[in-house]
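Here, each number is a calculation from the coordinates, and none is a lab measurement. Here the structure is a predicted model, which is why all the values come from computation and not from measurement. When we count neighbours, we look across all protein chains shown, and the Cβ atoms used for this are built from the backbone with ideal geometry, even at glycine.
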Amino acid sequence: MNPKTTNFTHQFLDEASQVIAGLNIEAIEKAVAILAETRAGGGRLFILGVGGSAGNASHATNDFRKIVGLETYAPTDNVSELTARTNDEGWATVFSEWLKVSRLRPADTVLVFSVGGGNIEKNVSPNLVSALQYAKSVGAKILGIVGRDGGYTARVADAVVLIPTVNAENVTPHAEAFQAIVWHLMVSHPALKRAQTKWESVTK
């Protein structure tokens, strides 16, 4: 084995351990409580993400619908509408306009998966910023699972789970990987979980 690559593997996994140790349990519990309230109140969950976080949003949408029984949508799953809006109206408003057509309301919750959380000044994920501004204007709840300093999402969210930065060189892979850890925790949480997952039921 190449010592250099082996050292990287050890380093990356050690960083992952540090990320787990640094997660804010109270923030996770608060987000779970808001999701439980959303379901109880007949609200819907909209999960927003760009790039790898869009892939996570699609996977999480399945889990919140199937395991939690919460009506959930990811705008990026509709590639035709996403690209039409990008082409005709611009990238910055693809999510906010999608939410308007879905008649986002106070009973609903918007969950953001993002490495940076959106930064309008640096023109990074302006579509997330626009969507959250719209969500705030209608009184919907906002949640985030984000990295770095959390960006705009962390500033306006009702609950935000910040993925700690333990190595600035690996912010993106840890942030996107731990989005999955946290949402799987949420859908498995006794306050939310309603349906048994397949392999656990087979084992029993």
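Condition (residue is touching a Leu at 6+ places or on another chain (Cβ under 9 Å), assigned to a helix (DSSP H, G or I) and in contact (Cβ under 8 Å) with a residue 60 or more places away in the chain) applied to segment 157-179: is it met by at least one residue? Don't jump to the end; show me each part of the working.
First, pick out the residues of segment 157-179 that are touching a Leu at 6+ places or on another chain (Cβ under 9 Å): 157-164, 178.
Remaining after also requiring assigned to a helix (DSSP H, G or I): 178.
From what's left, in contact (Cβ under 8 Å) with a residue 60 or more places away in the chain: 178.
So far as segment 157-179 goes, yes, one or more of its residues are touching a Leu at 6+ places or on another chain (Cβ under 9 Å), assigned to a helix (DSSP H, G or I) and in contact (Cβ under 8 Å) with a residue 60 or more places away in the chain.
Taking the residues in segment 182-204 that are without any contact (Cβ under 8 Å) to a residue 24 or more places away in the chain and either in contact with a helix residue (DSSP H, G or I) (Cβ under 6 Å, 6 or more places away or on another chain) or part of a loop (DSSP other than H, G, I, E, B) (or both) as candidates, determine which candidate is farthest from Gly22 (Cα to Cα). Step through it out loud before you land on a result.
From segment 182-204, those without any contact (Cβ under 8 Å) to a residue 24 or more places away in the chain are 190, 196, 198-204; that's our starting set.
Those left that are additionally either in contact with a helix residue (DSSP H, G or I) (Cβ under 6 Å, 6 or more places away or on another chain) or part of a loop (DSSP other than H, G, I, E, B) (or both): 190, 196, 204.
Details: Pro190: 22, Gln196: 29, Lys204: 33 Å.
So the residue we want is Lys204.
Residue-level check: of (1) in contact with a strand residue (DSSP E or B) (Cβ under 8 Å, 6 or more places away or on another chain); (2) over 23 Å from Leu35 (Cβ atoms), Thr93 misses just (1).
Restricting attention to segment 59-94, the residues being more than 14 Å from the chain's Cα centre (by Cα), under 23 Å from Gly42 (Cα atoms) and assigned to a helix (DSSP H, G or I) number 5. Considered as a group, the residues in segment 154-174 that are touching a helix residue (DSSP H, G or I) at 6+ places or on another chain (Cβ under 7 Å) and within 15 Å of Gly49 (Cβ to Cβ) include one that is surrounded by the most Cβ atoms within 10 Å (Cβ to Cβ), and that residue is Val161.
Does Gly90 fit the bill of being surrounded by fewer than 23 Cβ atoms within 10 Å (Cβ to Cβ), free of Cβ contacts under 8 Å to residues at least 60 places away in the same chain, within 20 Å of Asp158 (Cα to Cα) and not aromatic (Phe, Trp, Tyr)? Talk me through it step by step, then tell me what you get.
Values: surrounded by fewer than 23 Cβ atoms within 10 Å (Cβ to Cβ): yes; free of Cβ contacts under 8 Å to residues at least 60 places away in the same chain: yes; within 20 Å of Asp158 (Cα to Cα): no; not aromatic (Phe, Trp, Tyr): yes.
Here the answer is no, as Gly90 does not meet what is asked.
Has segment 175-196 got any residue that is β-branched (Val, Ile, Thr) and exposed (fewer than 14 other Cβ atoms within 10 Å of the Cβ)? No, the conditions are met nowhere in segment 175-196. Within the bounds of segment 27-34, is there any residue that is aliphatic (A, V, I, L, M), surrounded by 13 or more Cβ atoms within 10 Å (Cβ to Cβ) and closer than 18 Å to Leu128 by Cβ? Yes: segment 27-34 contains one or more residues that are aliphatic (A, V, I, L, M), surrounded by 13 or more Cβ atoms within 10 Å (Cβ to Cβ) and closer than 18 Å to Leu128 by Cβ.
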